[in-house]
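Inspection log for the structure reproduced underneath, given as structure tokens.
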Amino acid sequence: MAIRKIVTVGDPVLNKKSRTVEKFDARLHALLDDMKDTLVKSDGVGLAAVQVGVLKRVVIVDVGDGLIELINPEITYTEDEQEGEEGCLSVPGKSGIVKRPMTVKVRAQNRDGKWCLYSGTELKARCFCHEIDHLDGILYTSHVTKWVVHKDEK
Ligand code: CO
């Protein structure tokens with residue numbers, strides 16, 4: 001396992017669409033393990049493979065209730081709306097207000113290729129949407145309705 005370098009805004013890879021994972025092999029498992037180490041080190045709640053420069057449809061999420069690995073994730077259901085502050089490890093030092101669904105259901109494969117269903121509300125729902133957007137080359141910055149000014153920028 002290893003910590004990988006997080007790609008930051010300005011690198012064109014972040015705007016590319018990630019490819020469907022077809023092989024659930026040791027290489028994928030190593031990527032997932034490295035992504036976990038990288039997320040823990042960065043103190044984040046979610047990470048997409050593209051953020052470590054790998055264009056595969058792989059996402060990990062941990063909002064404090066355990067790590068979820070989502071391979072080839074698809075949002076199958078959304079309900080209601082929430083508005084709140086969002087940031088991204090690839091856009092350091094910034095945050096902004098983004099509208100997201102309050103409840104999100106996701107269908108995804110696990111590291112062995114088995115399809116599983118996940119459901120999240122509030123932060124987890126926000127995180128699912130944010131990370132799955134990364135797989136289509138979309139950054140949260142394109143959804144921001146209002147930027148949050150940080151103390152050190154005044
Ligand atoms: Co992000």
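The values are calculated or read from the model by the stated rules, or taken from the named source; none is laboratory data. Since this is a predicted model, take the numbers as computed values, not measurements. Here the Cβ is made from the backbone with ideal geometry for all residues, glycine too, and neighbour counts use every protein chain on show. Only protein heavy atoms, including side chains, enter the accessible area calculation; ligands, DNA and RNA are left aside. Shrake-Rupley method; radii C 1.70, N 1.55, O 1.52, S 1.80 Å.
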- Among the residues of the stretch 96-115, which ones are in a strand (DSSP E or B), away from the ligand (no atom under 16 Å from the Cβ) and small (G, A, S)? A108
- Query: For residues in the stretch 37-58 being outside any loop (DSSP other than H, G, I, E, B) and farther than 19 Å from D133 by Cα, which is least open to solvent (accessible area, probe 1.4 Å)?
  - Reply: T38
- P101 versus (1) buried (at least 19 other Cβ atoms within 10 Å of the Cβ); (2) modelled with pLDDT under 95: which is the lone unmet condition? (2)
- Hits in the stretch 107-124 (condition: within 22 Å of L31 (Cβ to Cβ) and in contact with a helix residue (DSSP H, G or I) (Cβ under 7 Å, 6 or more places away or on another chain)): R111
- Look through the stretch 85-95, keep the residues that are in contact with a helix residue (DSSP H, G or I) (Cβ under 7 Å, 6 or more places away or on another chain) and of a type outside the set (A, V, I, L, M, F, W, C), and return whichever of them is nearest to the ligand (Cβ to nearest atom). S90
- Note on the structure: Residues of the stretch 90-119 being without any contact (Cβ under 8 Å) to a residue 24 or more places away in the chain and not aliphatic (A, V, I, L, M), in sequence order, are K114, W115, C116, S119
- Message: So, T145, is that one over 13 Å from I75 (Cα atoms) and open to solvent by 20 Å² or more (accessible area, probe 1.4 Å) or not?
- Response: yes
- Message: From the list V61, V21, exactly one residue is in contact with a Gly (Cβ under 6 Å, 6 or more places away or on another chain), buried (at least 18 other Cβ atoms within 10 Å of the Cβ) and of a type in the set (A, V, I, L, M, F, W, C). Which is it?
- Response: V61
- Item | Residue that is of a type in the set (D, E) and either free of Cβ contacts under 8 Å to residues at least 24 places away in the same chain or in a helix (DSSP H, G or I) (or both), where the choices are E83, E22 | E22
- Out of (1) over 30 Å from R27 (Cα atoms); (2) within 11 Å of the ligand (Cβ to nearest atom), the odd one out for C127 is which? (1)
- Would you check if D25 is at pLDDT 95 or above and over 27 Å from V144 (Cα atoms)? yes
- Task: Report, ordered by the first and then the second residue, all pairs with beta carbons closer than 9 Å, sequence separation of six or more or different chains, a first member in the stretch 32-50 that is away from the ligand (no atom under 15 Å from the Cβ), and a second member that is assigned to a strand (DSSP E or B) and open to solvent by 20 Å² or more (accessible area, probe 1.4 Å).
- Result: L32/E69; K36/E69
